[in-house]
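The structure appears below as structure tokens.
The values are calculated or read from the model by the stated rules, or taken from the named source; none is laboratory data. Please read all numbers here as calculations on a predicted model, not as lab measurements. Quick reminder, even Gly has a Cβ in these numbers, built from the backbone with ideal geometry, and neighbours come from all protein chains shown.
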């Protein structure tokens, strides 16, 4: 009996061999997955997932590792041939070459002199709006730096004022203007000025500005989130406006700067009930309004008429809700690309009937979910070729290219 038990027992050497064999298999599988994913993402022209939706062909090239531990802003410039990304943790901006049918190629990583808060394209240049780093933010104003398509710094930093949030450049009547949004004292520093929007002339040669006028918002709760400019020419008459949205005390204000030297607030509105905090604006020109799409796509969007009238809510068709029989809003379909920050998906959404899609973007080596932070979209004039860059909180760059039909409008928002 004892001999039988000894024969049936597994020798210790055999157990050790099986453990080592299992560990080796696990490591080998990891190496295979690593290099397979690397080939898919890094290899020129490699496509991880092709698909077609609504007459549009899309190619997902996968997640590009950037070496950054965090990324929060992305912006195309130089006619879509370059992409800029910012890393606030290390105060770095990265410049990428962005071919249509290949994964992007990193051209340069540049150390910034401050903490980046925004990116704005300026032709073949990129403007990085920044706040001073560390304790300097309490004693020094914000500024911007300008870089060319190769990531070379142009000139010296240009001071703009306290607590800048966003900057936009507008061409109007043959002149260049810069609009700069400030949080000011709305962020808690009592020695700052009121939150405001500045209108300034902009010199494209010297890359400097000169203040023309400035409008102040309420210090009690009107903490600026975003703004979007609007220039209209009707019957030969040009009008210039800017729509500003606020947090803390949710609402929006229209600023008229048709006379750049005398900008003024023309209307204020509370945020419509049921609409989420805006993440991006899309111009719905067929209906003469902006649509403010929330970061939480389960909430409604806000529609803000160009004439400054009261806002309303807009139901957004979700990708999984392809509605039949023309139900929903009538008229031209507002279609746009958006990201779901929490779910880690990118999707085509709309305001009425349409063919939409939603796909998940994956983490390192194609596994796990990601938390998305920003999306940048470039579309050529013929509305045929599209480049989409989506960045995640871990510093990844998800690269997608699309070939669509020009009859289906693709809205690119701010």
Check off (1) touching a residue at least 60 places away in the same chain (Cβ under 8 Å); (2) under 30 Å from residue 403 (Cβ atoms); (3) buried (at least 22 other Cβ atoms within 10 Å of the Cβ) for residue 65 and give me the number that stays unchecked.
(3)
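Test residue 231 against the stated conditions and say whether it is surrounded by fewer than 21 Cβ atoms within 10 Å (Cβ to Cβ) and assigned to a strand (DSSP E or B).
On the way: surrounded by fewer than 21 Cβ atoms within 10 Å (Cβ to Cβ): yes; assigned to a strand (DSSP E or B): yes.
So residue 231 fits the description; yes.
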Looking at the stretch 87-111 only, could you name the residues that are touching a strand residue (DSSP E or B) at 6+ places or on another chain (Cβ under 6 Å) and part of a loop (DSSP other than H, G, I, E, B)?
88, 91, 98, 100, 103, 104
Which one of the conditions (1) closer than 16 Å to residue 246 by Cα; (2) surrounded by fewer than 21 Cβ atoms within 10 Å (Cβ to Cβ); (3) under 23 Å from the mean Cα position of the chain (by Cα) does residue 285 fail to meet, given that it meets all the rest?
(1)
Only residues in the stretch 131-146 that are touching a residue at least 60 places away in the same chain (Cβ under 8 Å) count as the first member; pair them with residues that are buried (at least 16 other Cβ atoms within 10 Å of the Cβ) and part of a loop (DSSP other than H, G, I, E, B), Cβ under 9 angstrom, at least 6 apart or cross-chain, and list the lot.
146/207
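Scan the stretch 282-304 and give yes if some residue there is in a strand (DSSP E or B) and touching a helix residue (DSSP H, G or I) at 6+ places or on another chain (Cβ under 8 Å), otherwise no.
Yes, there is a match, as at least one residue in the stretch 282-304 is in a strand (DSSP E or B) and touching a helix residue (DSSP H, G or I) at 6+ places or on another chain (Cβ under 8 Å).
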Out of 67, 57, 79, 114, which single residue is at positive phi and over 18 Å from the mean Cα position of the chain (by Cα)?
67
Taking the stretch 363-402, which residues are under 15 Å from residue 60 (Cα atoms), at pLDDT 80 or above and touching a helix residue (DSSP H, G or I) at 6+ places or on another chain (Cβ under 8 Å)?
396
Looking only at residues in the stretch 288-302 that are surrounded by 18 or more Cβ atoms within 10 Å (Cβ to Cβ) and free of Cβ contacts under 8 Å to residues at least 24 places away in the same chain, which one is farthest from residue 240 (Cα to Cα)?
294
